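What follows is a short report on a single structure.
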């Protein structure tokens, strides 16, 4: 699936006009604003610097597509109209001009990992479902569930202090995945697709479903 096809697919499934940008190289330092260069200088580790620059590249591309200034220093995540993700040298950014409650994106390449990670981000019901799936698909399904939950987390406008474990995937087999946050009355819709060398998920935050929730606008 090409990025343009994924963009159209996600827009249709989530009923939100979306734009997607991708970068697999770093933004040259000379193209950073003074404020962005000051932010970049704070990172001490080379891999963190590389990821940040690659993420800025995708984000700047997206901002230009949205006809917005491409200086990213003033942007703070979670942002209700923008989100970024990066992994293994690739970065993705999603954005919309629509008035949304929250937007999130996550990309994870397929790779080997310690399966005990499921105890950190899946609840008992999700682990039970996973245990009943074919053994040959377990690793891919774990990565798929991770991207779904991470995108849902990023879409939550009040995610400070929250963890992935608090986001419950209602039915991971659906094309349009519904997730909720534990005891907070929040509904999130996520579209997840195989893309490039892994899975990419995009989430839109929905209004709180319970009257009196502090997340209602």
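The values are calculated or read from the model by the stated rules, or taken from the named source; none is laboratory data. What you see is a predicted model, and the numbers here were worked out from it, not measured in a lab. Positions of Cβ are backbone-derived with ideal geometry, glycine not excepted, and every protein chain shown enters the neighbour counts.
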Check off (1) buried (at least 18 other Cβ atoms within 10 Å of the Cβ); (2) free of Cβ contacts under 8 Å to residues at least 60 places away in the same chain for residue 44 and give me the number that stays unchecked. (1)
For the subset of the stretch 167-187 comprising residues that are touching a residue at least 40 places away in the same chain (Cβ under 8 Å) and part of a strand (DSSP E or B), which member is farthest from residue 127 (Cα to Cα)? 176
Let me confirm something: among 202, 138, 127, 142, which residue is under 20 Å from residue 94 (Cβ atoms) and at pLDDT 90 or above? 202
With the condition kept exactly as written, say whether any residue in the stretch 169-192 is closer than 28 Å to residue 7 by Cβ, surrounded by 17 or more Cβ atoms within 10 Å (Cβ to Cβ), at pLDDT below 85 and in contact with a helix residue (DSSP H, G or I) (Cβ under 8 Å, 6 or more places away or on another chain). yes
Being in contact with a strand residue (DSSP E or B) (Cβ under 6 Å, 6 or more places away or on another chain) and surrounded by fewer than 18 Cβ atoms within 10 Å (Cβ to Cβ) narrows 67, 88 down to just 88
Within the stretch 74-87, work out how many residues are under 15 Å from residue 157 (Cβ atoms), part of a loop (DSSP other than H, G, I, E, B) and without any contact (Cβ under 8 Å) to a residue 40 or more places away in the chain. 4
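Would you point out which residue out of 12, 34, 5, 58 is over 19 Å from residue 190 (Cβ atoms) and surrounded by fewer than 18 Cβ atoms within 10 Å (Cβ to Cβ)?
Unique residue meeting the criteria: 34.
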Of the conditions (1) at pLDDT 90 or above; (2) farther than 24 Å from residue 79 by Cα, residue 153 satisfies every one except a single condition; which number is it? (2)
Can you list the helices (runs of 4 or more DSSP H) found entirely within the stretch 88-166 that contain at least 2 residues being more than 19 Å from residue 10 (Cα to Cα) and within 17 Å of the chain's Cα centre (by Cα)? 138-155
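Every residue, every condition in (1) free of Cβ contacts under 8 Å to residues at least 40 places away in the same chain; (2) over 21 Å from residue 193 (Cβ atoms), yes or no:
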position	(1), (2)
2	yes, no
16	no, no
26	yes, yes
31	yes, yes
35	yes, yes
